[in-house]
1. Phe81 passes all but one of (1) of a type in the set (A, V, I, L, M, F, W, C); (2) outside any loop (DSSP other than H, G, I, E, B); (3) within 26 Å of the chain's Cα centre (by Cα); which number fails?
2. Determine which member of the set Leu371, Leu347 is surrounded by fewer than 16 Cβ atoms within 10 Å (Cβ to Cβ) and touching a strand residue (DSSP E or B) at 6+ places or on another chain (Cβ under 8 Å).
3. Anything in the stretch 280-292 that is outside any loop (DSSP other than H, G, I, E, B) and surrounded by fewer than 21 Cβ atoms within 10 Å (Cβ to Cβ)? List them, or say none.
4. Within the bounds of the stretch 339-357, is there any residue that is in the same structural domain as Asp241 (by TED's automatic domain parsing) and within 17 Å of Leu267 (Cα to Cα)?
5. Restricting attention to the stretch 193-238, which residues are under 30 Å from Arg314 (Cβ atoms), within 29 Å of the chain's Cα centre (by Cα) and surrounded by fewer than 17 Cβ atoms within 10 Å (Cβ to Cβ)?
6. Assess whether Tyr255 counts as being buried (at least 21 other Cβ atoms within 10 Å of the Cβ), closer than 21 Å to Asn315 by Cβ and not aliphatic (A, V, I, L, M).
7. Does Asp239 satisfy the criteria of being of a type in the set (Asp, Glu) and in contact with a Lys or Arg (Cβ under 7 Å, 6 or more places away or on another chain)?
8. Mind checking which residues of the stretch 269-314 are free of Cβ contacts under 8 Å to residues at least 60 places away in the same chain, over 20 Å from Asp239 (Cα atoms) and either assigned by TED's automatic domain parsing to the domain that holds Pro125 or among the charged types (D, E, K, R) (or both)?
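The values are calculated or read from the model by the stated rules, or taken from the named source; none is laboratory data. Bear in mind the structure is a predicted one, so any value in this text is a computation, not a measurement. When we count neighbours, we look across all protein chains shown, and the Cβ atoms used for this are built from the backbone with ideal geometry, even at glycine.
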Amino acid sequence: MGSSRASAVLGVTLILGACSAAPAPTPSASPGASATPIPAPSAEATPTATPFPVRENAEADALFSRTDTCTNPEVGYTVTFPDDWYTNTAIGDQAACSWFTPDFFEVDATGAMPDEIWITIGLVPGIVGYNMLTPTDASEEVEVDGYAGHWAEFRLLDEVTDTEPGEVRFHYVVPIERHGPSLVASTSPDRADGYELAKAVLDRMMASMEFEPVTVEVPTIPDGPTGPPIDGEPVTATDADASFRLTLEAGQDRYRAGQEIDVVATLTYLGPADGVVVRGSSHDLIGFAVKSDDWAIAVDPAFTTDCAPHDMKRNVPVPYPFAKSGGYSPGEPLARFYAAYFADSSLRLPAGTWTITAAGSWYVGDCGDELHERSASVTVVVEP
């Protein structure tokens, strides 16, 4: 059963689960790209240990005795829903298979989501985490067609929405890429009279969801310069407060693909005492992140939580040469890139624009006392 759509939609802006279903960005190929794309995870490749957590609801079971399917080609999913319900066809900027309701609805020229909608599915940029949902009543990790995600039931905040404070919403979040975008499927707070049924229907829809196979180009890290090394200018960034200064420097602002990138950070104590003992990761106080502007690649540093002591002297910079830390899932589409990245202690990168960040946090005094956090970033361009 399809919805009736009366007029074109110029643009849609929806909150949280009610998102504009824009297509996920696809990195373009570059000379350093692998010729063989890697498929995204599948349910067969990543079996789940427990059945999908569908809530018991006799009314929802009855609805799903007769079903229909629809496909959102922009996001790339197919979902099963009750045959007695309505969904939308594509019109204007709104992708097909984004809105679901047991009630007939029409769309006016403003493109606003109709009041009749019970469930919305769309994309939001980046990762949607539990910290956005406070206060959260309940949550659980789930797997949706091989992708790790979660559902959460949370109370809306009046700072975030114009609905009544304390209204409850339920949604699923499924990150489609390592650092976003995320698919968000949500119940509408305007349908409070059917909230429990909406949750149960959404459970069954998510259990049925199938994503189209996704392929991504995987850039290759050259073993050495792909051409004559480039001579560039040093680039520096600083982040400081009254007590500490973090400085990050790359030897050049431009490099050749495969040319070793020289990066070092320094942390300096600036306070009134001759020296101070700070507490943080026993490995290093400062870690390094590397992010691409051209690919869905981001490496974040890892720190130990042992809160070990480090002696620092006033105005004596402590150097932290670039070092790699962090991790990745072997099943993710860019796993081959991350494996090659961590296999070499030096920093060599494919062509593109890259942001390198040095960051850390530590305490002055006992652990949990006076917290300091600093972060500094530089951008380097890597030529083919």
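1. With respect to (1) of a type in the set (A, V, I, L, M, F, W, C); (2) outside any loop (DSSP other than H, G, I, E, B); (3) within 26 Å of the chain's Cα centre (by Cα), Phe81 is out only on (3).
2. Of the residues listed, the single one that is surrounded by fewer than 16 Cβ atoms within 10 Å (Cβ to Cβ) and touching a strand residue (DSSP E or B) at 6+ places or on another chain (Cβ under 8 Å) is Leu371.
3. So the first thing to find is which residues in the stretch 280-292 are outside any loop (DSSP other than H, G, I, E, B), and the list is 280, 287-292.
Those that are outside any loop (DSSP other than H, G, I, E, B) and surrounded by fewer than 21 Cβ atoms within 10 Å (Cβ to Cβ): Ala289, Lys291, Ser292.
4. yes
5. Once the filter is applied, which keeps residues that are under 30 Å from Arg314 (Cβ atoms), within 29 Å of the chain's Cα centre (by Cα) and surrounded by fewer than 17 Cβ atoms within 10 Å (Cβ to Cβ), the stretch 193-238 yields Thr236, Thr238.
6. On the way: buried (at least 21 other Cβ atoms within 10 Å of the Cβ): yes; closer than 21 Å to Asn315 by Cβ: no; not aliphatic (A, V, I, L, M): yes.
Taking the combined requirement at face value, the residue does not satisfy it.
7. Answer is yes for this residue.
8. Hits for the stretch 269-314 are Asp274, Asp306, Asp311.
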